[in-house]
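Please read the structure below before turning to the comments.
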Amino acid sequence: MRVMFDTNILISAVISYGTRLAELTQKIADDFNIVLSSQIIEELQMAVEMKFPHKKYAFDRFMSKLSFEMVFTPTEIYPDIYPKIRDKKDYPILASAILADVDVFITGDKDFSAVYIERPEVMTIAEFASKYL
């Protein structure tokens, strides 16, 4: 199964090493094929550098241990061909997940859970753990 994490899940995993969320993220990464878009990686790195500079080492360690497939986030997004989402800034992430044909997109962002889409299945990390772990 191919699983994409949203940036907010990865940020939480990096800054809260040793917590249940971080452990779940690692378990999912160990048991499933992780797919990350170029934008998610850029957002994660930027968030750590700007908001959590004391966690740069944790970010480097986390990313160096994480096995994942990277997919390119398109630079031109045409919202009319994708399901509607409230926050227009989320279209590149939504497009990346659809184009990469991931099975599940794990996020804590409520805007994604309000999107009507058959694939990928949009879930919180708790929902994923309950269903697949």
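The values are calculated or read from the model by the stated rules, or taken from the named source; none is laboratory data. Values in this document were obtained by computation on a predicted structure and should not be read as measured data. Cβ atoms come from the backbone with ideal geometry, glycine included; neighbour counts cover every protein chain shown.
Which ones in segment 85-102 are in contact (Cβ under 8 Å) with a residue 24 or more places away in the chain and either among the basic types (Lys, Arg) or surrounded by 23 or more Cβ atoms within 10 Å (Cβ to Cβ) (or both)? Break it down into steps so the answer makes sense when it comes.
Filtering segment 85-102 for residues in contact (Cβ under 8 Å) with a residue 24 or more places away in the chain gives 85-87, 92-93, 96-97, 99-102.
Result: 86, 93, 96, 97, 102.
Condition check ((1) in contact (Cβ under 8 Å) with a residue 60 or more places away in the chain; (2) over 14 Å from residue 66 (Cα atoms); (3) hydrophobic (A, V, I, L, M, F, W, C)) across all residues:
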position	(1), (2), (3)
10	no, no, yes
14	no, no, yes
19	no, yes, no
28	yes, no, yes
33	no, no, no
36	no, no, yes
43	no, yes, no
47	no, yes, yes
52	no, yes, yes
Just to be sure before I move on: is residue 85 under 21 Å from residue 128 (Cα atoms) and out of contact with any Cys (no Cβ under 7 Å at 6 or more places or on another chain) in the structure I sent?
no
First in segment 57-72 and over 13 Å from residue 41 (Cβ atoms) and at pLDDT below 90, second anywhere and small (Gly, Ala, Ser) and part of a helix (DSSP H, G or I), Cβ under 9 Å, 6 or more apart
65/29
Would you mind stating whether residue 12 is touching a helix residue (DSSP H, G or I) at 6+ places or on another chain (Cβ under 7 Å) and of a type in the set (Gly, Ala, Ser)?
yes
Restricting attention to segment 109-120, does a residue exist that is at pLDDT 95 or above, in contact with a strand residue (DSSP E or B) (Cβ under 9 Å, 6 or more places away or on another chain) and not in a helix (DSSP H, G or I)?
yes
Evaluation of residue 77 against (1) more than 21 Å from residue 11 (Cβ to Cβ); (2) surrounded by fewer than 15 Cβ atoms within 10 Å (Cβ to Cβ); (3) modelled with pLDDT under 90 (one fails), failing number
(2)
Here the residues within segment 63-108 that are among the hydrophobic types (A, V, I, L, M, F, W, C), under 17 Å from residue 25 (Cα atoms) and not in a strand (DSSP E or B) are 63, 66, 68, 102
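Taking segment 33-50 only, how many residues are surrounded by 18 or more Cβ atoms within 10 Å (Cβ to Cβ) and either under 12 Å from the mean Cα position of the chain (by Cα) or outside any helix (DSSP H, G or I) (or both)?
Taking segment 33-50 first, the residues surrounded by 18 or more Cβ atoms within 10 Å (Cβ to Cβ) are 34-37, 39-40, 43-44, 47-48.
Those still in the list that are either under 12 Å from the mean Cα position of the chain (by Cα) or outside any helix (DSSP H, G or I) (or both) too: 34-37, 39-40, 43-44.
Final tally of qualifying residues: 8.
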